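Asker: Could you have a look at this structure, given as structure tokens, before my questions?
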Amino acid sequence: MGTAMSMEFDVDMEEVLDQYEKGILTELSKLSAAVEDLDYSSFDSDSDTLPECVCCQENFPAGKMVQAQCSHFYCSECLTDLFQKSLHDDSLCPLQCCAKQIKVADAKKLIGRTLIAKYEYRLAEILDPDKTYCSDPICSQYIPRKKSGPHRVVCKCKCGVETCRRCKQKAHGESEDCARYFDRLLEDLATSEGWKRCPECSRLIELEKGCFHIICVCGSAWCYLCTKNYKKEGKSCQCPAWNEAFILDYGQVV
């Protein structure tokens, strides 16, 4: 005949639950601290696929980078910095990576239009074998060549001044060649300065000091006032031979 036995446990369920809750909270606290100390880059599944900027060596999505012809990548910030520096450093223009030029068309998607326009303007100046600058000394800006259409001898700057591409001086009309234009400029200068041409060799002579009877390098002896040869018989001029101020200046030099 079997005997039934019963066991009674004196358990405080509230205390058990309280201990259980404290244990869970302790474990959660440990887990939270461990999560904060984790290095996500060590097991990030995308870190190995994101391209790295060759300058700052940071990883960015491919859509926010430009790939050069050599396969190197540039982020927008580093690429912008390079383009800005190239505007003031001829050694950086045109921009290259591994001796291959960085295409402007590829960079446009990351760089503003204003910076791209400045770079193309600077690049055109660097690559121009026969540069022309505005003939107005106050302006002196580079005048780029037209990308299409006939190339005119006379080009117009943004400031409105026209310049001759051949002699780089102020436009003088295509009907007048540059040599004649320079001769005209020289004659105007000689007239304003009071210079005289030798009657024998036509050299321009400037008299600073001394008497008016001079001997040119060609051997001709003539008067600086009337340009007549004062040594030839019967052709002596009636001009004064000197000016006191000229003689005094010359004496101080001697």
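Every read-out reported here was derived from the displayed coordinates using simple, explicitly stated rules and does not represent laboratory data. Just so it is clear, the model here is predicted, and its values are computed rather than measured. Cβ sites come from the backbone with ideal geometry, for glycine too, and all protein chains shown count toward neighbours.
Asker: Using the eigenvalues of the Cα gyration tensor, what equivalent ellipsoid semi-axes result for region 62-127 when each is taken as the square root of five times the eigenvalue, whole Å, largest first?
Answerer: Listed largest to smallest, the semi-axes of region 62-127 are 18, 14, 10 Å.
Asker: Per 0.36 nm of contour for each residue apart, how much would the distance between residue 193 and residue 139 grow if the chain were fully extended, relative to their Cα-Cα spacing?
Answerer: Length difference between fully extended and current span is 16.8 nm.
Asker: With a point put 7 Å past each Cα toward its Cβ, work out how far residue 241 is from residue 147 in nm, to one decimal.
Answerer: For the pair residue 241/residue 147, the computed spacing is 7.3 nm.
Asker: Projected onto the charge dipole of region 96-156 (+1 at Lys/Arg Cβ, -1 at Asp/Glu Cβ, origin at the Cα centre), which of 155, 110, 133 gives the Cα projection farthest towards the positive end?
Answerer: Farthest along the dipole direction, towards plus: 110.
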